[in-house]
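K.L.:
This structure is in structure tokens; I'll ask about it shortly.
The values are calculated or read from the model by the stated rules, or taken from the named source; none is laboratory data. What you see is a predicted model; the values in this text were computed from it and never measured. Note: ideal-geometry Cβ built from the backbone for every residue, glycine included; neighbour counts use all protein chains shown. These area figures cover heavy atoms from the full protein model, side chains too; ligands, DNA and RNA do not enter into them. Shrake-Rupley method; radii C 1.70, N 1.55, O 1.52, S 1.80 Å.
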Amino acid sequence: QVQLVESGGGLVQPGGSLRLSCVGSGSSGRILDMGWYRQAPGRPREFVASIARDGSTNYANSVKGRFTITGGGIRKTNLQMTTLSPADTAVYYCHARLQLTNGPVNNYWGQGTQVTVSS
């Protein structure tokens, strides 16, 4: 299987920026898409952004124009976050869909990295 490891989380002041990274390792195969989800305390996990193998991207309305996702095709992705607000505080999870060689499509999740936006 594939293991996803996130990094880059931390504490940032409102209006600041932060870049999250996710690197996958393990089984070979074709990445279909990679993305980011987040979960704030007391709230369900929500979609943030994704990037497909062809480079096409999708963003949640709450982050569009502020966040930029890159990567996706080589089992790594970055999420550049700008103009952060306390509403962005959450654990951010990396996600990938991988087509294993001559095998099934599997979903993979990282362990998450904490992003805290506070004065």
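K.L.:
Pull up segment 63-83, narrow it to residues that are in contact (Cβ under 8 Å) with a residue 40 or more places away in the chain and of a type in the set (D, E, K, R), then point me to the one that is farthest from Gln1 (Cα to Cα).
P.N.:
Checked segment 63-83; the qualifying residue farthest from Gln1 (Cα to Cα) is Lys76.
K.L.:
Please name all residue pairs, on different chains or six or more residues apart, with Cβ atoms under 7 Å, provided the first residue is in segment 94-112 and is free of Cβ contacts under 8 Å to residues at least 12 places away in the same chain and over 19 Å from Thr70 (Cβ atoms) and the second residue is of a type outside the set (Val, Ile, Thr) and in a loop (DSSP other than H, G, I, E, B).
P.N.:
Every condition considered, no pair remains.
K.L.:
Tally the residues that are at pLDDT below 90 and not in a strand (DSSP E or B), restricting the search to segment 1-56.
P.N.:
5
K.L.:
Being without any contact (Cβ under 8 Å) to a residue 40 or more places away in the chain and open to solvent by 60 Å² or more (accessible area, probe 1.4 Å): is that true of Pro86 here? I'd like the intermediate steps shown before the answer.
P.N.:
On the way: without any contact (Cβ under 8 Å) to a residue 40 or more places away in the chain: no; open to solvent by 60 Å² or more (accessible area, probe 1.4 Å): yes.
No.
K.L.:
Scan (1) crowded, with 22+ Cβ neighbours inside 10 Å; (2) over 30 Å from Ser28 (Cβ atoms); (3) hydroxyl-bearing (Ser, Thr, Tyr) for the single condition Ser62 breaks and write down its number.
P.N.:
(1)
K.L.:
Assess whether Leu20 counts as being buried (at least 17 other Cβ atoms within 10 Å of the Cβ), out of contact with any Lys or Arg (no Cβ under 7 Å at 6 or more places or on another chain) and in contact (Cβ under 8 Å) with a residue 24 or more places away in the chain. Give the steps one after another, and end with the answer.
P.N.:
Details: buried (at least 17 other Cβ atoms within 10 Å of the Cβ): yes; out of contact with any Lys or Arg (no Cβ under 7 Å at 6 or more places or on another chain): yes; in contact (Cβ under 8 Å) with a residue 24 or more places away in the chain: yes.
Yes: the conditions hold for Leu20.
K.L.:
Given (1) loosely packed, with under 14 Cβ neighbours inside 10 Å; (2) under 23 Å from Ser119 (Cα atoms), identify the lone condition not met by Gln39.
P.N.:
Status for Gln39: all satisfied but (1).
K.L.:
Also, I was wondering about something else. Counting only residues that are of a type in the set (S, T, N, Q) and either at pLDDT below 95 or in a strand (DSSP E or B) (or both), how many does segment 65-105 have?
P.N.:
So in segment 65-105, the residues of a type in the set (S, T, N, Q) come out as 68, 70, 77-78, 80, 82-83, 85, 89, 99, 101-102.
After this cut, where a residue has to be either at pLDDT below 95 or in a strand (DSSP E or B) (or both) as well, the list is 68, 70, 77-78, 80, 99, 101-102.
Residues flagged as of a type in the set (S, T, N, Q) and either at pLDDT below 95 or in a strand (DSSP E or B) (or both) within segment 65-105 amount to 8.
K.L.:
Just one of Ser62, Ser50, Ser25, Ser56 is among the polar types (S, T, N, Q) and touching an Asp or Glu at 6+ places or on another chain (Cβ under 6 Å); which is it? Working first, answer last.
P.N.:
On the way: Ser62 fails: touching an Asp or Glu at 6+ places or on another chain (Cβ under 6 Å); Ser25 fails: touching an Asp or Glu at 6+ places or on another chain (Cβ under 6 Å); Ser56 fails: touching an Asp or Glu at 6+ places or on another chain (Cβ under 6 Å).
Criteria check complete, one pass: Ser50.
K.L.:
Is it the case that segment 26-36 has a residue that's at negative phi, basic (Lys, Arg) and either surrounded by 15 or more Cβ atoms within 10 Å (Cβ to Cβ) or in contact with a helix residue (DSSP H, G or I) (Cβ under 6 Å, 6 or more places away or on another chain) (or both)?
P.N.:
For segment 26-36, residues at negative phi, basic (Lys, Arg) and either surrounded by 15 or more Cβ atoms within 10 Å (Cβ to Cβ) or in contact with a helix residue (DSSP H, G or I) (Cβ under 6 Å, 6 or more places away or on another chain) (or both): absent.
K.L.:
Across segment 84-119, what is the total count of residues that are within 15 Å of Gly10 (Cα to Cα), out of contact with any Leu (no Cβ under 9 Å at 6 or more places or on another chain) and of a type in the set (Ser, Thr, Tyr)?
P.N.:
Adding up the residues that qualify gives 3.
K.L.:
Kindly indicate which of Val91, Val115 is in contact with a Lys or Arg (Cβ under 9 Å, 6 or more places away or on another chain), among the β-branched types (Val, Ile, Thr) and crowded, with 21+ Cβ neighbours inside 10 Å.
P.N.:
Working: Val91 fails: crowded, with 21+ Cβ neighbours inside 10 Å.
Matching residue, one of Val91, Val115: Val115.
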